[in-house]
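Read through the structure below, which is laid out as structure tokens, and then see the notes.
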Amino acid sequence: MQYSFVTLAKAAALFATIFAALIVFIWGPSAERVEAQRGGAAIYSQNCARCHGSDGRAQTQKGRQTKAVDLTSDDWTPDTDHDARRVANGKGSMPPFKNKLTQAEINAVVQYIRRFKR
Ligand code: HEC
């Protein structure tokens, strides 16, 4: 059987289109990936900074009121599992975030707050 050049070119173009669509489908921005890329910074400033402060020192009015933990302090040691549970379930005057943030967002913000210890 003989294929004309045009037929082959069309087939190649079709393949390339399907391939590209597949790549976008597999690697495209899933909600979770977008969250992870957005990173903990935005999540922290929207949900945590009003108590823990944008510098982690918890010296905001709300932070002093609720006696929020100073995330720069030697008295606080980051612990990924413990912190993720704390953020999800809250404690005392810290509200639970499990209905507000996805698990991926909680993990991202728990990683983010480690920077205050540096
Ligand atoms: C309404 C104020 C408030 C907000 C908002 C808040 N926190 Fe807290 N946070 C607290 C208080 C108060 C504590 C101390 C709780 C206790 O031990 O009684 C605390 C404790 C913590 C601790 C220490 C937990 C431990 O036991 O070592 C971490 C980590 C933490 N918060 C992270 C976060 C993160 C991340 C966010 C945002 C998703 C957040 N907090 C939002 C008030 C707040």
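The values are calculated or read from the model by the stated rules, or taken from the named source; none is laboratory data. This is a predicted model, so every value here is computed, not measured. Counting neighbours? That spans all protein chains shown, and the Cβs are built from the backbone with ideal geometry, glycine included.
Things to note:
- Of all residue pairs spaced 6 or more apart or on separate chains, those with beta-carbon atoms under 9 Å, a first member in the range 82-105 that is within 19 Å of Asp70 (Cα to Cα) and a second member that is modelled with pLDDT of 95 or more and in a strand (DSSP E or B) are Arg86/Met94; Val87/Met94.
- Residue in the range 63-74 that is farthest from Asn99 (Cα to Cα), counting only those that are more than 9 Å from the ligand (Cβ to nearest atom) and of a type outside the set (Val, Ile, Thr): Asp74
- Identity of the residue in the range 81-99, within 8 Å of the ligand (Cβ to nearest atom) and within 14 Å of Ile43 (Cα to Cα), that ends up surrounded by the most Cβ atoms within 10 Å (Cβ to Cβ): Val87
- Top-ranked residue of the range 103-116 - restricted to ones that are under 17 Å from Asp81 (Cβ atoms) and more than 8 Å from the ligand (Cβ to nearest atom), ranked as surrounded by the fewest Cβ atoms within 10 Å (Cβ to Cβ): Gln103
- Filtered residues of the range 50-62 (kept if part of a helix (DSSP H, G or I) and within 8 Å of the ligand (Cβ to nearest atom)): Arg50, Cys51, His52, Lys62
- Conditions (1) more than 17 Å from Ala41 (Cα to Cα); (2) without any contact (Cβ under 8 Å) to a residue 24 or more places away in the chain; number of the one not met by Ala68: (2)
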